[in-house]
Amino acid sequence: MGQFIANTNLAAEPGSYGLRLCLEEPNVNWLFLDGPIIRLNTSHSRVLDREVQGPLLIAQLICHDNVVHKHYSIQIEILNENDNKPKFSPESAKALTISELTAVNTIVFSVNAIDADGDLIRYSIDPATLDSSFFRIDQQNSGNVVLSKPLDYEAKTSLKLLIWATETNTAEMFNTSTDLTISIQDEDDQNPHFLPCVPLWPDLPVCTNPSYSANVTEKEKNIALDFSPGPIKAEDGDRGLDTALNYSILSGSDQDRFVINNTTGQITLTRAVDDRRQTPFFRLSIMASQLDDPLKHSIATVLVRVLVENKFPPVFNQSTYKGFVIQSASPATIVSTYGNMVLQIQVSDQDFPHGLNPNMQYSLFSPSVTEGLYHITRGGVLIARTDNLVAFDRHVIQVIARDEESGEEVSASADIEVLQRGQAIPRGPFTEEQFVRNIETHLTSIISASILLLLLIAALFLLLRLIRRKHSRKHLERQRDAKAEQPTESRSRLSMSALQPRRVRLKPWLLTQVSSGRYPGLQWLCTDRRLFQIPWKHATRHLPSSEEENTIFKAWALETGKYQEGVDEPDPAKWKANLRCALNKSREFQLKYDGTKETPVQPFKIYEVCDTMGCSDFGDDNEEEEMPNLMDLSINPRLSDPHSYSTFSVRTEVNPFSQSSENLPQIISMPLLQDAMHPTPPVPCSLPQENFQASGHIVDQQSFVGLPDLNSLSGSIMETNTVGVVHTENDSQSQNCKYDLLNSVPLTDLDLKFLYRGRTTGSLTVSNPQGCRLYSGHLEPTPEQVDLFGPVNLQQVQFPATELIQNQKQRFYTTALLDVMDRGLILEIWQQDIYAIRLCQCKVFWSSPGVPERAAPNPMEREKKIKVFSLNDFLQGLITFQKGEAENPPPFEITFCFGEDWPDRKPKEKKLIIVQVVPVVARILTEMFSGELSWSTDSIRLQISNPDVKDQTVQQFKELQRLLQSQHSHSPWAPAGP
């Protein structure tokens with residue numbers, strides 16, 4: 001029955017026939033009459049809804065009899081109930097697109113929900129969704145969504161959100177949600193990068209450019225280079241845009257020897273390399289830039305190695321090697337072959353002398369059953385883990401040899417049998433020992449082992465006897481040949497000086513060859529025949545060329561009988577070593593200039609002919625050299641050297657690379673006695689200066705400055721700037737071979753050490769007489785950019801990479817400093833003083849002997865030349881120390897701190913980047929005169945024979961011993977790589 005609404009309480013008029021009631025529109029369908037009672041016409045499936053029917057139900061009640069008609073209006077109010085949930089508008093549920101360059105903290109879109117009951121609504125973002133951190137709603141009743149952090153199309157191309165709309169003024173707090181998909185629009189905000197992409201961080205899609213490498217051989221030209229780890233290719237960092245790129249070579253093209261395809265990035269070698277010894281490799285910097293925006297670019301490094309033409313492939317001398325291992329409890333043992341000999345698996349490569357390729361690497365490929373049971377050394381010796389082997393097992397493993405230079409690979413098999421304990425190794429492939437595996441009698445095993453041991457001892461005895469006989473025969477033949485080759489008048493002299501036949505015979509023979517003009521490049525440099533030049537090129541590893549056949553080195557080998565033409569295999573490197581050893585041991589020659597140590601290399605050496613008693617700086621090899629007194633030192637101020645950078649003055653203002661006398665202090669002259677100065681007498685032998693550009697290894701006779709008595713000169717050591725030369729009464733032209741200490745040490749060498757928070761990350765010695773440039777990046781100096789990167793004749797030294805830094809925060813800040821060091825810091829050497837010029841954007845602080853480390857921070861002004869070390873000041877301090885007027889020798893270390901204050905009373909170990917510079921001449925002199933260096937290293941000549949077969953066997957046993965020791969310290973077996 002319907003809900004009660006009202007009781008009409010109507011009655012008929014007297015005299016009528018009865019009362020009739022009825023309901024009429026507009027809402028009569030929601031009402032019905034139950035007699036005089038009006039009821040609501042609802043049910044479980046038929047419910048009133050104020051939001052549909054409105055707030056009122058209106059109907060007409062008509063009552064009539066036969067006489068009177070009456071109308072009554074019925075109004076029923078519908079009370080509101082919270083029976084509706086909020087609903088999001090269709091516009092709020094649509095997919096959105098937002099640019100990745102949208103600014104943070106801006107409103108990016110709005111949502112709107114409608115509640116039919118008119119309730120208040122609060123909006124929120126579900127924090128459980130993955131991308132909820134990108135957005136927020138500041139005013140919860142507004143529906144405005146704000147961007148919280150930057151967008152990056154390369155990291156995420158779309159985002160998903162779940163937004164809730166919840167009633168706030170009802171007890172039920174009905175809510176609803178909507179899923180939104182937000183697409184990120186890619187914009188041009190990324191630089192290109194080279195492939196393959198190596199992520200800078202595991203979760204950060206930022207690539208570091210790879211280093212490409214390729215190999216070419218001599219005489220190859222007009223070929224496209226094949227690079228590793230893949231072809232040169234770059235792609236736009238904005239993957240959604242994929243802008244076209246342009247490739248170019250920034251540096252290292254070697255006058256278009258290498259050209260690059262601007263579209264594909266393919267590099268072609270246009271000209272052949274004639275001699276790989278002069279240019280063993282090329283280093284190129286390549287750039288990929290966007291066509292529509294060249295400022296967006298990326299740079300990668302390309303290394304092209306020049307190899308000798310590979311004429312012969314590497315080959316194994318056997319396809320299958322037979323090996324035996326005796327089961328034992330020891331952790332490891334060497335695999336043997338027939339005759340209990342060490343099994344040595346080696347590859348022969350006829351591109352190398354004697355077929356031995358030093359670039360060959362060996363590795364093993366074995367089934368999973370034998371994995372970890374065997375290890376192969378660099379020498380091709382197999383080592384087995386015997387405590388894990390089972391008797392009577394047989395293992396077949398594959399040995400792979402790879403030429404690391406050419407990439408060629410060759411393989412062979414090793415068939416290894418595991419013998420039981422006490423079983424003898426077969427002496428040959430067809431002997432009956434290989435059929436006695438099942439012999440169980442212990443006595444038979446002992447007898448077999450004893451016989452084998454006796455045979456080995458007898459064979460060893462016979463081998464030693466044969467070797468001794470052969471050695472004695474050769475010795476007698478050499479003595480007989482030497483006596484037959486010498487002139488008649490020199491034989492008596494040879495017999496009188498039998499203790500040193502080679503030293504006596506070398507001088508007349510070599511001087512005769514120099515005068516003969518028979519060998520190209522072997523010539524006198526002076527009219528008095530005291531200085532001569534020997535051509536000194538690197539010997540090849542292949543058969544000697546026609547130039548190497550006609551050399552003084554081969555003639556010396558023939559003269560001494562160490563090479564017999566047509567019998568011995570030609571070996572130019574050995575010929576050169578023999579003559580070099582003879583010259584080094586001889587007291588009658590002194591090396592005055594070594595061009596092979598110059599940059600670029602000068603392929604010759606200069607020797608001086610000394611008196612019969614020998615040069616003064618060659619002491620007795622059996623006696624410890626007495627250290628020279630500091631009072632006898634002489635210093636070569638090298639005033640004849642050209643100015644380092646005078647030709648590179650680019651700008652009209654003061655250039656830090658110019659070396660004018662107005663900007664540089666005069667070098668302190670030595671000697672310091674005014675009455676001892678007089679003009680230098682002419683030198684009978686003057687070397688052509690064009691052969692020794694900026695050389696610090698040759699003694700300049702016109703620039704010797706003596707220090708006859710420093711004790712009497714201490715008061716006037718800083719008083720004069722006039723360069724002069726001091727000569728004592730005993731000075732003569734024969735003093736060319738006198739001991740000159742400062743000319744025997746590298747005056748311009750610098751030891752560099754790089755420290756990242758106290759940890760040494762790199763060190764090297766700079767031998768460039770002009771100095772060096774410390775920088776980071778790929779930009780190298782060119783003659784047109786001297787004002788940006790300094791002179792081109794400086795040695796270019798790069799800061800070590802940061803990949804090995806474990807601490808991520810330290811690596812981040814160190815990388816940030818290195819990114820602004822493209823221009824670098826220049827260390828310039830001028831007249832044995834060191835100057836520093838800061839070009840880089842990174843601030844540089846420094847300390848030196850004149851700036852104590854406990855002082856206030858000492859910054860360097862940009863592009864201003866600063867003297868950081870003076871050799872003359874150091875020598876004065878060393879004199880003071882030797883005279884006992886100073887407790888300690890003078891300091892000489894120079895410290896540069898990059899990007900942080902220094903000195904600031906904090907230890908160096910706390911600084912991100914520290915570079916320590918040590919002048920080698922200062923370090924050597926300090927060691928000499930403080931007692932740390934008691935003899936010269938030149939006086940020690942170690943005599944070691946070339947290794948024979950037995951020495952190589954002992955070396956393999958030493959490697960086995962080291963492996964066993966490593967096994968004891970690390971219990972789990974971990975086979976080493978090849």
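The values are calculated or read from the model by the stated rules, or taken from the named source; none is laboratory data. Since this is a predicted model, take the numbers as computed values, not measurements. Using ideal geometry, Cβ is built from the backbone for each residue, glycine included, and neighbour counts are taken over all protein chains shown. Side chains included, ligands, DNA and RNA excluded: accessible areas come from the protein's heavy atoms. Shrake-Rupley method; radii C 1.70, N 1.55, O 1.52, S 1.80 Å.
If the chain between N105 and I400 were fully stretched, how many nm would it gain, using 0.36 nm times the residue separation less the Cα-Cα distance?
The span from N105 to I400 would gain 100.0 nm if fully extended.
Taking 35 Å as R0, compute the FRET efficiency from the Cβ-Cβ separation of T157 and S251 and round it to 0.05.
0.40
Accessible area per residue for region 29-187 in Å², computed with a 1.4 Å probe and the full protein assembly in place, what is it?
Per-residue accessible area for region 29-187 comes out at 56 Å².
Just the number: Rg to Rh for region 87-244, Cα atoms, Kirkwood Rh, two decimals.
Using Cα coordinates only, the ratio equals 1.25.
Using only the alpha-carbon atoms of region 225-346, report the extent along each of the three principal axes, biggest first, to the nearest angstrom.
Extents along the principal axes, in whole Å: 74, 42, 22.
Between L419 and residues 5 or more places away or on another chain, which pairs have amide H atoms under 5 Å apart, with H built 1.01 Å from N, and which residues are they?
HN-HN under 5 Å from L419: V325, I326, Q327, F392.
Given a 1.4 angstrom probe, I'd like the percentage of the accessible area of region 166-238 that is carbon and sulfur, rounded to a whole number.
Carbon and sulfur atoms account for 48 percent of the accessible area of region 166-238.
Once both labels are modelled 7 Å past Cα along the beta-carbon direction, what's the T263-S124 spacing in nm?
Taking the simple label geometry, T263 and S124 are separated by 6.0 nm.
Counting only heavy atoms of the protein chains, get the accessible area per residue of region 271-318 (1.4 Å probe) and round it to a whole Å² value.
54
Computed over the Cα atoms, what is the radius of gyration of region 755-867 divided by 2.2 N^0.38 Å, N being its residue count?
Cα-based Rg divided by the globular estimate yields 1.11.
Please compute the length gained on full extension between K883 and L33, using 0.36 nm multiplied by the number of residues separating them and subtracting their Cα-Cα distance.
292.4 nm
Work out the FRET efficiency for R905 and C197 from their Cβ-Cβ distance, taking R0 = 51 Å, and round it to the nearest 0.05.
E between R905 and C197, to the nearest 0.05, is 0.70.
Counting only residues 5 or more places away or on other chains, whose amide H sits under 5 Å from the amide H of R427 once H atoms are built in the peptide plane?
Here G339, E433 satisfy the definition.
Could you tell me how far the Cα centroid of region 178-193 sits from the Cα centroid of region 387-415, in Å?
53
How much length would be gained if the chain were fully extended between L356 and D179, taking 0.36 nm per residue of separation minus their Cα-Cα distance, in nm to one decimal?
56.6 nm
Compute the FRET efficiency between Q810 and R421 as 1/(1 + (r/R0)^6), taking r as their Cβ-Cβ distance and R0 = 51 Å, and round to the nearest 0.05.
It comes out at approximately 0.35.
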